[in-house]
Amino acid sequence: EDALLAIARGAEGGMRDALSSLYQLIAFKGDRITEEDALSVFGLVSRAELEGLADAILKGDAAAILRAVAAFDSAGKNMRRLAGELMVHFRNLVVWQALGEKAGDTLEITADQRKTLETQATLCDSSRIFKIADKLAEMEDKLRYVLSVRTLIEMTLLRAGRIATVATIEELMKAVR
C-alpha cells in the first residue's frame, strides 16, 4: 500500500503515468515492490522523513533541518520535488488547524498522516504556519532560476524555522503591554 502511494505521489502526469511507473517497477523488481523501491525510482523522500523535516521546521531545530537536507541531497532525492511536497504538507497543516476533524473531506491523508497533523498543529499557531507556507511558496518560485537548489532550500527552511519559533516585534510589544 505504501509503495502504491509513493508511485501515485511520484507520477505527476496522472493515472497513466502512475501505471507506466508501476509496470517499470515490476519489470525491475518483480512482484514484490516496497515503498523504498518506489521512492528511490522517483527520487522522493518517505512520508516519515518529510514529516520529520516539517517537525524540525516547526521546532526551529536548525541542526536537524540542515542534516535532513544534506541527507536528501546526498541520497539523490529530487530537491525541487521535496520543496513541493513540503508545501503540500504545510497546506494540509493549515487546513487541519482551520477545520480540525472536519478536514477529512478536504484532505487526502492516511490515519497516520492525520495523527501527525494533529500533533504538529499544536506546535505552532496558524499565523506562523501561514507565514511558513508563504516562505515555501516564494522558494518554489525561486527554484526555477537558482543555481544552487540545496542552498536556497536550506536558507528558506532555516528562515521558516525562525518564523516558527522567534517572537515577532508585535508579540513582544503585546507581552510588554
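The values are calculated or read from the model by the stated rules, or taken from the named source; none is laboratory data. Remember, predicted model here, so these are calculated numbers, not experimental data. Counting neighbours? That spans all protein chains shown, and the Cβs are built from the backbone with ideal geometry, glycine included. Ligands, DNA and RNA are excluded from the accessible area calculation, which covers all protein heavy atoms including side chains. Shrake-Rupley method; radii C 1.70, N 1.55, O 1.52, S 1.80 Å.
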Pairs with Cβ under 7 Å, 6+ apart, first in region 148-162 and modelled with pLDDT of 95 or more, second surrounded by fewer than 16 Cβ atoms within 10 Å (Cβ to Cβ) and outside any helix (DSSP H, G or I)
LEU152/VAL146
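Please state which one of ALA137, ALA164 is in contact with a Gly (Cβ under 7 Å, 6 or more places away or on another chain), open to solvent by less than 60 Å² (accessible area, probe 1.4 Å) and either more than 18 Å from ALA54 (Cβ to Cβ) or among the small types (Gly, Ala, Ser) (or both).
On the way: ALA137 fails: in contact with a Gly (Cβ under 7 Å, 6 or more places away or on another chain).
One residue alone meets the criteria, ALA164.
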Single condition GLU108 does not satisfy, out of (1) assigned to a loop (DSSP other than H, G, I, E, B); (2) at pLDDT 90 or above; (3) not aliphatic (A, V, I, L, M):
(2)
Candidate set: region 69-92, residues that are under 11 Å from LEU50 (Cα atoms) and among the aliphatic types (A, V, I, L, M); chosen: the one most open to solvent (accessible area, probe 1.4 Å)
VAL88
Name the residue, out of LEU58, LEU66, LEU117, LEU82, that is modelled with pLDDT of 90 or more, touching a Cys at 6+ places or on another chain (Cβ under 8 Å) and assigned to a helix (DSSP H, G or I).
LEU58
Quick one: what pairs do we get from region 46-65, first residue surrounded by 21 or more Cβ atoms within 10 Å (Cβ to Cβ), second outside any helix (DSSP H, G or I), C-beta under 6 Å, 6+ apart or different chains?
LEU58/LEU123; LEU58/CYS124
Report yes if VAL95 is surrounded by fewer than 20 Cβ atoms within 10 Å (Cβ to Cβ), within 21 Å of MET139 (Cα to Cα) and aliphatic (A, V, I, L, M), otherwise no.
yes
